[in-house]
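Bear in mind these aren't lab numbers, they're just calculated from the coordinates by the rules spelled out. As the structure is a prediction and not an experimental result, all values here were calculated from the model. Virtual Cβ from ideal backbone geometry, glycine too; neighbours counted across all protein chains shown.
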Ligand code: M6R
């Protein structure tokens, strides 16, 4: 059941500290600065990888984009992220040392399964990051990593997104340590932040009353925009997807620097802008983007790190500083914002029109 919540989505948002503890339990070895993941792919192959291709759809695609930003600096390898339905394997591509990673909560998404089959045809090594033990994808790939988020009933992916990114952070650490490109000390720093994640998420959940007030204040807006840089850019995309799918209101996420290249034309006093001012990606530059939209009259809700002045934003929501995981924590605030906008509008939050939890057609 919903355990006293009005919607599964609300329950699942609040389950996140627990889901995260499950995702990381037994998987952190701070002494060696490594993740213990029972990966079956052999170390020699992992050391020889010269390209990683991530394939996924929707929210899982956003987790893939986040993972790219996490993995690339830790290992000297290019990570390409493709929307699964757009994925193509070109003739002459070096298939020997490519790892193809499918990110899929259900493990049943037809587009993602089909991308994996395209990768397997010329012999590429495949890996799945999934929530579902025994799912179709796990039977087709060479190896899997489970995110252990527990069942997610609401169509909108919430806890599984956060658990996917967390599992992918553990995987990135494992790759970096195995390849020798990440030191034990730097690995331990990443793991320390992962360990702090459940409590950091809880502190944003505790701010729900203020977030609900903001949602109620802006529920009648024409559209909502989310802007972020670096690791916050995929979170901006994900936040907009969540808001549009459950509220049926126009929402878009942009790389903050792209605003002036077109989207700025849409900004008015009726389009609130939610800005991720995370420490990990030049918040000063994003401050300038905030000024651009404020001078067009848009109300700005800044998601700012504690101690980082967001005083020029009309509203701020404080996010604990968690290094490269901070934008992930900020995503909790935009989940709650989306939920309360949709709830205020009386939408059928757990089953939005036209959508299915698991999309088994291409
Ligand atoms: O099960 P998957 O992760 O493969 O599903 C992919 C998308 O259909 C899914 O993430 C979808 O975008 C979300 N339910 C939206 O909230």
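Distance from the Cα centre of region 90-139 to that of region 1-63, in angstrom?
Centre-to-centre distance over Cα atoms comes out at 17 Å.
Stretch residue 265-residue 82 to full length: gain in nm at 0.36 nm per residue minus the Cα-Cα span?
Here the segment from residue 265 to residue 82 would lengthen by 63.0 nm.
In degrees, nearest 10, range 0 to 90: what is the angle between the Cα axis of helix 283-294 and the longest Cα principal axis of the chain?
40
In whole angstrom, how long is each semi-axis of the equivalent ellipsoid of the chain, when you take the square root of 5 times every eigenvalue of its Cα gyration tensor and sort them from largest down?
32, 22, 20
Using alpha-carbon pairs under 8 Å, 6+ residues apart, how would you state the relative contact order of region 65-208 in percent?
Across region 65-208, relative contact order equals 22 percent.
Using only alpha carbon pairs under 8 Å that are at least six residues apart, calculate the relative contact order of the chain and give it in whole percent.
On the way: 726 pairs, mean separation 71.9, N = 362.
Relative contact order for the chain comes out at 20 percent.
With axes computed from alpha carbons, what is the tilt in degrees of helix 232-247 against the longest principal axis of the chain, rounded to the nearest 10 within 0 to 90?
The answer is roughly 60 degrees.
Scaled to the compact-protein estimate 2.2 N^0.38 Å, what is the alpha-carbon radius of gyration of region 1-104, rounded to two decimal places?
Output field value: 1.35.
Place the peptides 33-45, 137-149 in order of packing, highest mean first, counting for every residue the other Cβ atoms within 10 Å and averaging per peptide.
137-149, 33-45
Could you please rank 244, 357, placing first whichever residue has the fewest other Cβ atoms within 10 Å of its Cβ?
In order of increasing Cβ crowding within 10 Å: 357, 244.
For the peptides 159-168, 204-213, 88-97, 233-242, what is the packing order when you average, over each peptide's residues, the other Cβ atoms within 10 Å and list the highest mean first?
So the peptides 159-168, 204-213, 88-97, 233-242, ranked by packing, come out 159-168, 233-242, 204-213, 88-97.
Averaging over all projection directions, find the projected area of the Cα convex hull of region 55-189 and quote it in nm² with one decimal place. Walk me through the numbers before you get to the answer.
Details: hull surface 32.2 nm².
Its average projected convex-hull area is 8.1 nm².
Could you give the length gained on full extension between residue 282 and residue 37, defined as 0.36 nm per residue of separation minus the Cα-Cα distance, in nm?
Details: separation 245, 0.36 × 245 = 88.20 nm, distance 3.27 nm.
Residue separation times 0.36 nm, minus the Cα-Cα distance, leaves 84.9 nm.
Measure nothing fancy, just the Cα-based angle from helix 208-218's long axis to the longest principal axis of the chain, in degrees from 0 to 90, nearest 10.
Taking the Cα atoms of the chain, the angle to 208-218 is about 60 degrees.
Return the single residue from 123, 176, 58 with maximal mean-square fluctuation; model: Gaussian network over the chain, springs between Cα atoms under 10 Å.
123
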